[in-house]
Amino acid sequence: MKFSLLRLANIRSLFAPSLQQCLICGKHSQPATELPGVCAGCEAAIPWIRCPRCSKCGRHVGCSDCTRSSEPGPLVCNRSAVAYTSVMREILGRYKYRGDEKLASILGLMLDRAYSILKEEREQLMHSRLPVQSRFSNNIIFSVRKSERNLLWQADLLVPVPVSDSRLVERGFNQAERLTEILSRHRGIPQLPLLIRTHHTGKQSFKTRAERLADMKHAFAASRDSKVLSSFEDLLESLNPQDRPLQIIIIDDIYTTGSTIRACAETIIRLSASLGCTAEIYSLTWARS
Ligand SMILES: [Zn+2]
Ligand SMILES: [Zn+2]
């Protein structure tokens with residue numbers, strides 16, 4: 001009797017999901033369905049941005065920053081995985097400042113969701129721009145198939161926002177680079193550290209909008225690493241950018257005013273132009289504040 005109960009328990013444990021320790025709250029509870037390493041409770045508390053209210057910066061609430069300026073700017077759009085709530089701030093703090101690297105894979109997976117949303121939106125946009133007859137006419141089914149095949153949107157390159165050397169020494173890693181690596185592996189999109197930070201801009205949150213903009217103007221430059229630059233040139237050659245603009249995504253952990261990302265975008269646009277290419281710049285950030 002004792003033996004068979006034990007056996008039953010063993011068989012059961014083969015089928016029951018083991019309760020893993022959650023990487024966010026540290027408790028042993030029911031695992032999440034979509035985020036490995038996280039418990040169902042923590043997953044349910046994530047403030048995903050599924051439908052951005054601002055189509056430009058991906059914000060989940062009405063956005064005065066984007067409506068204030070009517071100029072198009074260097075960025076097509078930003079999309080973020082989550083709203084920067086206090087819970088998300090706590091998670092980012094643990095990852096970024098306390099070096100809790102186990103969180104990197106979760107943040108990377110979350111960023112991957114934002115990529116899906118961006119990809120889907122771009123594909124819908126491309127579809128809506130197709131001539132009506134090629135979408136609905138039965139007679140030209142072949143051309144529809146052909147154009148549908150072209151309706152897959154994929155970024156050509158991922159570029160992390162660089163941190164200054166002093167930050168790198170302080171933290172030991174660049175959080176944007178880690179996120180870029182994960183997304184790159186997951187989606188099979190090449191990545192390059194195309195940018196460097198030319199000076200340390202200090203804490204942006206203590207500055208006025210005007211100060212911030214002036215500060216950012218010269219904060220980034222193209223990498224001087226000949227290996228990086230030649231990889232970029234190889235990529236341009238392989239893509240034949242005469243067909244369409246180069247689609248580049250800048251990656252960072254958080255989008256606050258967007259001044260950092262816009263400055264990065266301008267630098268990449270200039271670099272691409274110097275190599276005879278037009279670049280379309282997007283950004284993906286883990287959180288939108
Ligand atoms: Zn949890
Ligand atoms: Zn906006």
(Q) Among the residues in segment 231-250, are any within 21 Å of the chain's Cα centre (by Cα), closer than 24 Å to Ser64 by Cβ and open to solvent by less than 20 Å² (accessible area, probe 1.4 Å)? (A) yes
Q: Would you point out the residue of segment 26-41, among those that are more than 9 Å from ligand 1 (Cβ to nearest atom) and under 23 Å from the mean Cα position of the chain (by Cα), that is farthest from Asp100 (Cα to Cα)?
A: Thr33
**Q.** Scope segment 43-81; condition among the hydroxyl-bearing types (Ser, Thr, Tyr), touching a Gly at 6+ places or on another chain (Cβ under 7 Å) and over 17 Å from Leu284 (Cβ atoms); matching residues
**A.** none
Q.
Just the residues that are under 26 Å from Ile106 (Cβ atoms), charged (D, E, K, R) and either more than 16 Å from ligand 2 (Cβ to nearest atom) or not in a strand (DSSP E or B) (or both), please, taken from segment 55-83.
A. Arg59
Q | Single residue of segment 66-86 satisfying the filter (of a type in the set (D, E, K, R) and over 25 Å from Thr180 (Cβ atoms)) that is nearest to ligand 1 (Cβ to nearest atom) | A | Arg68
Q. Scanning segment 1-54 for residues that are small (Gly, Ala, Ser) and modelled with pLDDT of 90 or more, which turns out nearest to ligand 2 (Cβ to nearest atom)?
A. Ala45
Q | Members of segment 31-43 found to be open to solvent by 30 Å² or more (accessible area, probe 1.4 Å) and in contact (Cβ under 8 Å) with a residue 12 or more places away in the chain, listed by number | A | Pro31, Pro36, Gly41
Q: Considering each residue of segment 59-93, count those that are closer than 19 Å to Leu125 by Cβ and aliphatic (A, V, I, L, M), and give that number.
A: 2
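The values are calculated or read from the model by the stated rules, or taken from the named source; none is laboratory data. Here the structure is a predicted model, which means the values were calculated and not measured. Heads up, the Cβs are rebuilt from the backbone with ideal geometry, glycines too, and the neighbour counts pull from every protein chain shown. When the accessible area is computed, the model is the full protein with side chains, heavy atoms only, and any ligands, DNA or RNA have been set aside. Shrake-Rupley method; radii C 1.70, N 1.55, O 1.52, S 1.80 Å.
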